[in-house]
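Working notes for the structure below.
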Amino acid sequence: MKTRPVLLAIAGSDSSGGAGIAADIRAAHDLGATLRFALTAVTAQSDRQVTFIHPVPPAIVREQIRLSLGDGAVGAVKIGMLGSAATVETVADLLVRYPDLPIVLDPVMASSSGRRLLDDVATAVFIERMLPLASLLTPNLPELEILAAAIAGAAPPASIAEQADIVLAAGAKAVLVKGGHEQGDRAVDRLFQVGGDAPNHFGSPRLPVAMRGTGCMLSTAICVALAQGDSLAASCRRGKIQMTAWFERAVEKASRDGG
Ligand code: PLP
């Protein structure tokens, strides 16, 4: 029997309840983990628009993290929306003191409705300060392309492997590129690691359901496995299996609601 893990989520709120910290709490609860959290920003949003972003003052973000990590119980950290350069700096300054803590970094750059959640200046600071701290970066394809372009200072190469290499060269130890935005009847996530040979592939059937907050939920599920001592590849595999189960549940619910 694995122990009940304690996680820390550093993330923003989404008033619609779809993404952000609400999704992290749902995922952690479902997996029997205790979730502590440091709120970085309050957003007013629906599935179609983000109308307000209120950053939590960095000193308060710092204090939430400091107290969460103070007793040594947290086994892994997931980072979602940071929102500003000042918050990126604050979080990095603190987490650099915990080199043994697994950190899953979900690069939240925009909402599905299209609003930027990290501007260009903050993205540059994010690349410089956060990538070297991450045990795992979990971009979707648009996020990978944005990061690779910002690092390269030019249009990035077309291939996913080359874009992942650029991100690894900037300091991330491993990158899980999520295939949700691709076409095809299977959704395949690819894990690239520094010094690794071929990437690991984790596939699942592509299910006909739109769901928000999937990036938040996946990174939380991976954190649970890491906090329980699983390897990075095993944690990504468990995260994918769990995410597929959540998608299947959403499909069932949609068909019940529709019928
Ligand atoms: N809003 C917040 C606060 C988030 O943390 C995220 C993603 O992590 C989003 C919005 C974007 O989620 P989605 O792509 O489901 O719109």
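Just so it is clear, none of the values below were taken in a lab; they were calculated from the coordinates. Fair warning: this is a prediction, and the values are worked out from it, not measured in the lab. Neighbour counts are summed over all protein chains in view; Cβ atoms, including those assigned to glycine, are modelled from backbone coordinates with ideal geometry.
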Contour excess over end-to-end distance, with Cα ends at Ser255 and Arg48 and 0.36 nm allotted per residue: 72.3 nm
DSSP-loop trypsin sites (Lys or Arg not before Pro) across the stretch 7-83, with at most 14 other Cβ within 10 angstrom: Arg48
Candidates Glu128, Glu143, Glu182: whichever shows maximal mean-square fluctuation once the chain is modelled as a Gaussian network with Cα springs under 10 Å: Glu182
His201 paired with Glu128, simple spin-label distance in nm, labels 7 Å along Cα-to-beta-carbon: 3.9
Cβ-based charge dipole, the stretch 1-137, positive-most Cα from Val125, Leu67, Met81: Leu67
Solution diffusion estimate, µm²/s, Stokes-Einstein, the stretch 188-250, Kirkwood Rh from C-alpha pairs, 20 °C, viscosity 1.002 mPa s: 173
Ordering of 86-96, 3-13 by burial proxy (mean other Cβ atoms within 10 Å per residue, highest first): 3-13, 86-96
